[in-house]
Structures are given as C-alpha cells and as structure tokens.
Amino acid sequence: MLLSVNLSNALPLDFSASNPDLLLNPHDRPALDLTNTAVFTEYVFGKLREAGAVVGIGGYNEHRVIYRRSEHFNSGDTEPREIHLGIDLWAEAGTTVFTPRDGVVHSFQDNAHFGDYGPTIILQHDINGKTIYSLYGHLSRTSLDGLYDGKVFRAGEKLADIGPYPENGDWPPHLHFQLITDLLGNRGDFPGVCAVSDRERFLAICPDPASWII
C-alpha cells in the first residue's frame, strides 16, 4: 500500500494528446494554461470531485503533452522528454505515503526547479537476491527531515507526505512513483520522463510499478 486511500475509488487520468482538454488551441498552446499551477490543480481535482474519486491514477509509459509547461523537459535544441516512466497518484497535499516494501534510504534531495520532482526519496530494496530502487517524487519538504542514507523503512511504515505546490516542483499535488533497476550513477534524482527515442532503453530499466501500489 502506498497511500492511505482506497484505490477502488481511483480515477484514471489521461495526460496524452488523446485528452481533448489538452488539445492545442489556434495559438499553439494547450487549451488549459498548464503553466498556471493553480489552474492545473483545479482541473485535476475538479475531475476527481466530478467522479467522486479520492485519487487520480495512471501514466506509466504514457506519451504526455503536459511537459510542454516546463523548460525542464524542453531544453534548447534537444529532443523534448515526453514519455512518463512511473505512475502518478494524484491526491491532496498532506496525504501520507507508506513504504510498499522493506527498504533502506539510498539517497534523497530537493530537486527544486519548476516542473521537477521537488523533494525526492529513493529507497533500495533487496528482493530475492536482486536489487531494485523505488523513487518517490513531489513530496513535502518536511518529508526529508531526519533522513539519512541507510535509514531502514519497513513495509507499511510512513515514509513521507505528498507536498503542496510550489514546494513539490510546482505541480498539482501528487506522488510520482517509479521503479528502477539501474540508477545509472544518480543519487537523489533519476529521469522520470524520457525522450521518445530513449523510450525502449529507459523502459528496460524502469519496470511498470503497478503491482507495488496496492
């Protein structure tokens, strides 16, 4: 279990180009001003209210258009990053995040840029003799208090809280959850979004985390 909510009350949220709410208008901008985090937040939580849901869910391997809101994913002449490598759980700021499996803190940091993770924790898990890492992004800053590399967390223990914007990287409140088999030397950070040309390479080391969220 990752969140203190019942996922039977979850609403799938689509942030790909197939969502008509995100179609570009004649000025080549999204129909919603996603650069305005308050507007983006009202859109997400308005959808949840309409559906009577407590959490929005989805996004693994989704080709998204929402990253156009931030230069963090569109820098210079490089190929934009648009493929989401984890699962997002959209829920109110302050929602508790529980550790899904026994693990230890590998690393953590505040990735404080517009559109980035904000406060981030990476846990290391040893499962059947194999090492896998889990990443938790868009947390509250207080979630990093008292952490240290090697700190042990047991399954079901409180790990963190979902952060509010702007401290969570300036996103509508949600948890970005990702599994990684090779951190490629990273600490406290790892790409949660990749370019289309890198899709196969990153999906090979970022398996679908769906089985870990229940």
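The values are calculated or read from the model by the stated rules, or taken from the named source; none is laboratory data. On a predicted model such as this, the values are computed, not experimentally measured, just so you know. For neighbour counting, all protein chains shown are included, and Cβ atoms are generated from backbone atoms with ideal geometry for every residue, glycine included. Accessible surface areas use protein heavy atoms only, side chains included; no ligands, DNA or RNA. Shrake-Rupley method; radii C 1.70, N 1.55, O 1.52, S 1.80 Å.
Residue count for region 84-100 satisfying the condition of being part of a strand (DSSP E or B), under 9 Å from residue 177 (Cβ atoms) and touching a Pro at 6+ places or on another chain (Cβ under 8 Å): 1.
Cβ-Cβ distance below 8 Å, separation of 6 or more or different chains: which pairs start in region 171-199 with a residue that is over 29 Å from residue 45 (Cβ atoms) and end on one that is in a loop (DSSP other than H, G, I, E, B) and open to solvent by 10 Å² or more (accessible area, probe 1.4 Å)? Pairs that qualify, where the first residue is over 29 Å from residue 45 (Cβ atoms) and the partner is in a loop (DSSP other than H, G, I, E, B) and open to solvent by 10 Å² or more (accessible area, probe 1.4 Å), are 181/207; 195/78; 195/79; 195/80; 196/79; 197/79; 199/61.
Is it the case that some residue within region 195-213 is out of contact with any strand residue (DSSP E or B) (no Cβ under 6 Å at 6 or more places or on another chain) and either aromatic (Phe, Trp, Tyr) or closer than 18 Å to residue 110 by Cβ (or both)? Yes - at least one qualifying residue is present in region 195-213.
Looking only at residues in region 10-53 that are open to solvent by 70 Å² or more (accessible area, probe 1.4 Å) and more than 21 Å from residue 83 (Cα to Cα), the one that is modelled with the lowest pLDDT is 26. Tally time: how many residues in region 86-108 are buried (at least 19 other Cβ atoms within 10 Å of the Cβ) and under 23 Å from residue 54 (Cβ atoms)? Residues flagged as buried (at least 19 other Cβ atoms within 10 Å of the Cβ) and under 23 Å from residue 54 (Cβ atoms) within region 86-108 amount to 10. In region 152-163, the qualifying residues are those that are out of contact with any His (no Cβ under 8 Å at 6 or more places or on another chain) and surrounded by 18 or more Cβ atoms within 10 Å (Cβ to Cβ), and the one that is nearest to residue 38 (Cα to Cα) is 161. Among the candidates 149, 189, 208, the residue that is surrounded by fewer than 17 Cβ atoms within 10 Å (Cβ to Cβ), at pLDDT 95 or above, outside any strand (DSSP E or B) and under 16 Å from the mean Cα position of the chain (by Cα) is uniquely 208. The residue pairs whose first member lies in region 37-55 and is touching a residue at least 40 places away in the same chain (Cβ under 8 Å), whose second member is open to solvent by 60 Å² or more (accessible area, probe 1.4 Å), and whose beta carbons are closer than 6 Å, counting only pairs six or more residues apart or on different chains, are 37/165; 53/9; 54/9.
Do we have any residue at all in region 164-172 that's open to solvent by 30 Å² or more (accessible area, probe 1.4 Å) and among the hydroxyl-bearing types (Ser, Thr, Tyr)? Yes.
Just so you know, in region 128-142 the residues that are of a type in the set (Ser, Thr, Tyr) and within 25 Å of residue 208 (Cα to Cα) include one that is surrounded by the most Cβ atoms within 10 Å (Cβ to Cβ), and it is 136. Restricting attention to region 114-127, the residues that are open to solvent by less than 50 Å² (accessible area, probe 1.4 Å), on the phi < 0 side of the Ramachandran plot, in a strand (DSSP E or B) and of a type outside the set (Val, Ile, Thr) add up to 3.
Scanning for something of a type in the set (Val, Ile, Thr) and at pLDDT below 95, does region 69-91 turn up at least one residue?
Yes, because at least one residue in region 69-91 is of a type in the set (Val, Ile, Thr) and at pLDDT below 95.
Filtering region 128-144 to residues that are more than 15 Å from residue 175 (Cα to Cα) and either in a loop (DSSP other than H, G, I, E, B) or charged (D, E, K, R) (or both) leaves 128, 129, 130.
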